[in-house]
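Some notes on the structure that comes next.
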Amino acid sequence: MRQYTSNHRPVLNHYSSYFLDPMIAVVTAAMVVSYMLYAVAEETVRFFGTRHLIWTVPFVLYGVFRYLYLTYQKKQGGDPAEVIFFKDVPMLINISLWVIACIVIIYFF
C-alpha cells in the first residue's frame, strides 16, 4: 500500500492505488453522465429556458480530464481547490470559458 506524505490526509494511508484507480474511473464517468443528464433535464430546460446547455459538456470533460492529468501526471493532487483555482492557467481559462458559455446560452439563446 502506498504511503502518502504528511501534507495529505492520513485517511489516505488506508487505501491502495489499486483500489482507488478504478473507483476514480467509475466516479469520473458517473459525474460526466450526471452533468449531461442535468444539462438536458426538463427541469433544467424549464428553469433556464434553453435546451442548449448540453453545449457546455466539452468544458466539463476538459476540466475533468485536466484535473486527472494534473493529479496523475503532474502529481498535484493535494488540495483540489488550490489546483483548480490557483495553480493551473489552462484550468482557469477553461472555467472562465464554461462560465461565459453558460451566460451566453442562458441569456441569449
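The values are calculated or read from the model by the stated rules, or taken from the named source; none is laboratory data. This one's a predicted model, so the numbers in the text were calculated from it and none came from an experiment. FYI the Cβ positions are ideal-geometry reconstructions off the backbone, even for glycines, and counts take in every protein chain you see.
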For this session: Consider only pairs whose beta carbons are under 7 Å apart and that are at least six residues apart or on different chains; among these, list those whose first residue lies in the stretch 67-87 and is over 22 Å from L97 (Cβ atoms) and whose second residue is of a type outside the set (A, V, I, L, M, F, W, C) and in a helix (DSSP H, G or I).
Result: G77/T71
Exercise. Any idea which of A29, A25 is over 30 Å from I103 (Cβ atoms), out of contact with any helix residue (DSSP H, G or I) (no Cβ under 8 Å at 6 or more places or on another chain) and modelled with pLDDT of 90 or more?
Worked result: A25
Seminar exercise, completed: Just one listed residue, out of Y62, Y38, is closer than 27 Å to D21 by Cβ and touching a Pro at 6+ places or on another chain (Cβ under 9 Å), and it is Y62
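Among what's in the stretch 69-109 and is in contact with a Ser or Thr (Cβ under 7 Å, 6 or more places away or on another chain) and under 22 Å from A30 (Cα atoms), pick the residue that is modelled with the lowest pLDDT. Reasoning before the result, please.
Residues of the stretch 69-109 that are in contact with a Ser or Thr (Cβ under 7 Å, 6 or more places away or on another chain), as a first pass: 77, 98, 101-102, 105-106, 109.
Adding the requirement that they be under 22 Å from A30 (Cα atoms) leaves 77, 98, 102.
Values: G77: 72, W98: 98, C102: 98.
If we take residues in the stretch 69-109 being in contact with a Ser or Thr (Cβ under 7 Å, 6 or more places away or on another chain) and under 22 Å from A30 (Cα atoms), then G77 is modelled with the lowest pLDDT.
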